[in-house]
Structures are given as C-alpha cells and as structure tokens.
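Beneath this line is the structure, given in structure tokens, with notes to follow.
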Amino acid sequence: MSQTMLTVALPIALAWMMYCVGLTLSIADFKRVGQYPGRVLMGLVTQLLGLPLLAYVIITLFALPEPVAIGLWLLALAPGGASSNAITHMSGGDSALSISMTAVSSLIIPFSLPLMLVLLVPDAQLIFPVKTAILQLTAVTLVPVLLGMATRHWAKGRWFEGFSHFAGRSALGALFLTVMVTVAANTGVFHQLFSVASVAAISLCVTGMLLGAFVAKMLRGDKVLAKTLAIEVGVQNAGTAIFVAVVQLQRPELALTPLLYGLLMNLPAFGLIYVFQRRKLASV
C-alpha cells in the first residue's frame, strides 16, 4: 500500500501542486526572472556549492559516523524539486524564480552529483540516469506548470476566479497529502527521530535556509527573494538522495539521514507557509 502511494499518489499530488502554481504564473513572470540572471546564478551556486560546504562543516562538527555523514552529503548534493517549488509558492515566494532554479539544477545534478560524491566516497562508482532525471522534471514540474499557465491564459470570467480559488486551497491539501504519504512510508525510522542523524538533517535544512536568506540580502533582495532562496537552498530532494543510496550505491544504511530529512524538513517549511497564509488571511 505504501509503495503504491509513493509511486502513484505522491507524483500525482506533486503534479497537481505544480499545476496550481502554474495558475498564478504568466510568461511575464519568467521574463522578469530573466532580467535578473545574477539571482538565478547566485542561487544555483549557493545550492550546488554552498550547501555541500555547510554539510561538510556539520559532518566535521558533529563527528558524524560514516553512514550518517555520507547520507547527509548525498542530501547536500541533491537540490530540491517540485516540493520546494510548491512550498515557495504557498509561502509567498517567487514561484517563477524557484521553478527556473529547479529546471537548471535538475539538468546539472546528473553530472555534479557523481563528481562531488567521490570527495567523501572515493570508491563510489555512480552513473546517474540523465534521461530519467529530465523525464521526471518534465512530467512532475514543467508540464503541470505549463498547463496551469495555459488555463490562466485561456480561461475567462468568474468561473476561473472560483476555480483558481479552489485550486489554491486544494494545493495545501495536496502538500499535506505528500507529507502524510512520506510519514506512512517511513514509520520504520521513527525510533531514530532523536538520533544524531536527525540533528544533522534538521541542522542542514535550517542552516541552508539561513544561507539562502543571507545570499538574498547580499543581492539586496526583498523578503520575497529571501524567502525563495531560503527554501530553494534549505529544502533538498530527499528522494534523489535515497535513490542514489539504495539503487546506485546499493547501501540502504546510507538512506537513513535522507529519510529523516524527508520528515523533518516539513517543520520549518510548514512554519513559513503558516505564517504567510495567516498574514494573507489577516489582510483580506
């Protein structure tokens, strides 16, 4: 049952969230992102280089045992996907910038992850499936967003206003469903919630968010940019890290830290969403 939920319900929920994000976007939003290429570049550098550096500091500071350390390193090398896009949208960030960063990073990590993994695991033999990564990005992120944008462009009248309002509310439900599916599929790691692996996982998430916000401040960005970079840098793709640990490296013990991260990263993420949604309701 949990496997079916992971392979069927989870991708559908993620795709629906991205469709809801697309309903709020237009081509002009992406043109605006294109006017500030420095933001995309700095965001990607922070994701792909800054976060691994943070992970190395945490690994050294806590003197993490090898399985936990490698699991954390895998996380740091796997930038967020559709989940970070949806969280950015629902917390009032810049959705177009978030999607743009995800699209570019998803094309980079099939090459950067194997290259940087050997820095901590010298004997790792890793061939990342480039075609699979591109297909997943297209199916779960790009196509739903484009369909949502097309709906917004062609739909007219009060019908669309009502549907858009419904979609916005349902996106929160879809996000909650993804969390519940993740929790249900990973009950076996609950006894590790107070372990050093949990401390390492939540530390990477929180310090990554702080790093993203700091970079936004360096770019003299507003609160929207700070929120966007905080989420894009702090929310990693636990699924990718688990895939590499279990399938590519055939070392299931390395998946513990990503599994815990997949549960714990929802705490700060939902905190951001709650604060924004509450302020949004207060302003109505």
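Each reported figure results from applying straightforward, stated rules to the coordinates on display, with no laboratory input. Since this is a predicted model, take the numbers as computed values, not measurements. Neighbour counts run over all protein chains shown; Cβ positions are idealised from the backbone, glycine included.
Data table
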read-out	value
Residues 209, 116 arranged by fewest to most Cβ contacts within 10 Å	116, 209
Residue among 78, 139, 197 with the largest mean-square fluctuation in a Gaussian network model of the chain, springs linking Cα atoms under 10 Å	139
Three-way shape label, segment 7-94, alpha-carbon gyration tensor, a/c 1.5	oblate
Label-point gap, in nm, between residue 147 and residue 63 - each point 7 angstrom along Cα→Cβ	5.3 nm
Point-to-point label distance, residue 281-residue 132, nm (Cα→Cβ direction, 7 Å offset)	4.1 nm
Unit charges on C-beta of K, R, D, E only; dipole of the chain, Debye	1020 debye
Computed [θ] at 222 nm, deg cm²/dmol, the chain (DSSP H ≥ 4; -39,500 (n - 2.57); rounded to nearest 500)	-22500 deg cm²/dmol
Packing-based exposure ordering (other Cβ within 10 Å, fewest first) of 247, 33, 199, 140	247, 199, 33, 140
Approximate spin-label separation residue 267-residue 219, in nm, with each point projected 7 Å along Cα-to-Cβ	2.8 nm
89, 165 arranged by Cβ crowding within 10 Å, fewest neighbours leading	165, 89
Binned Cα-Cα distances of the chain, short to long, each 10 Å bin given as a whole percent	7, 30, 37, 20, 5, 1, 0
